[in-house]
Amino acid sequence: AGGWTIQGTNVVGNGPTIVCERPTAIAIANDGRLMIAENGRRKQILFYDVGGSPPKLVRTFGEEGGIEAEVPGAVTPTKFWGLSGTGTDSNGNIYVALNAEGCMIRSFTPVGVLRWQVMGMHFVDCCDVDPLSDGSIVYGTTEKYRMDLSKTAPGGEFTLEDYTLDF
């Protein structure tokens with residue numbers, strides 16, 4: 001199951017073309033399935049069995065609709081946006097890269113539990129404290145953070161709470 005490429009909105013490879021709204025990355029999972037980062041309306045990782053013809057969608061990962069699902073903008077581990085990469089390791093752990101107004105890599109267990117994440121949210125940005133929050137809420141250009149300065153581990157003092165940019 002090799003030799004797949006993205007051509008516009010099509011994923012073309014060994015067999016019939018897979019049509020996605022907005023594929024942004026592809027990979028071969030450790031079990032041989034084709035992984036497609038679909039950054040259109042779905043904002044999910046799609047797993048295809050490409051052993052037969054036509055390829056068959058066998059699994060999706062992430063909340064359908066991504067950051068716009070349920071409570072739009074509310075950040076949870078499986079609400080994706082700006083999908084830019086995906087893959088698995090030899091243990092079946094799933095990796096998802098997000099890149100929109102900052103970047104993030106998340107690692108999940110094979111069943112979808114967040115293991116860890118690394119965030120690089122700002123290159124050039126200015127943040128400001130919500131004066132009604134007593135310093136616990138900070139807004140960036142497109143993000144809302146919850147601050148807890150009693151936590152002293154590097155990076156542990158903030159939580160990305162909401163993403164405020166519509167897609």
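The values are calculated or read from the model by the stated rules, or taken from the named source; none is laboratory data. Keep in mind that this is a model prediction, so the values were computed, not measured. For accessibility, only protein heavy atoms count, side chains too; no ligands or nucleic acids. Shrake-Rupley method; radii C 1.70, N 1.55, O 1.52, S 1.80 Å.
Protein heavy-atom accessible surface, 1.4 Å probe, per residue over the chain: 53 Å². How fast does the stretch 74-134 diffuse by Stokes-Einstein, in µm²/s, taking the Kirkwood radius from C-alpha pairs at 20 °C and 1.002 mPa s? Reported coefficient: 163 µm²/s. Kirkwood hydrodynamic radius computed over the stretch 1-91 comes to 13.3 Å, based on all pairs of distinct alpha carbons.
Considering only protein heavy atoms and a probe of 1.4 Å, how much of the accessible area of the chain is carbon and sulfur, as a whole percent?
Carbon and sulfur: 53 percent of the exposed surface of the chain.
Convex hull of alpha carbon positions in the chain: directionally averaged projected area 10.8 nm².
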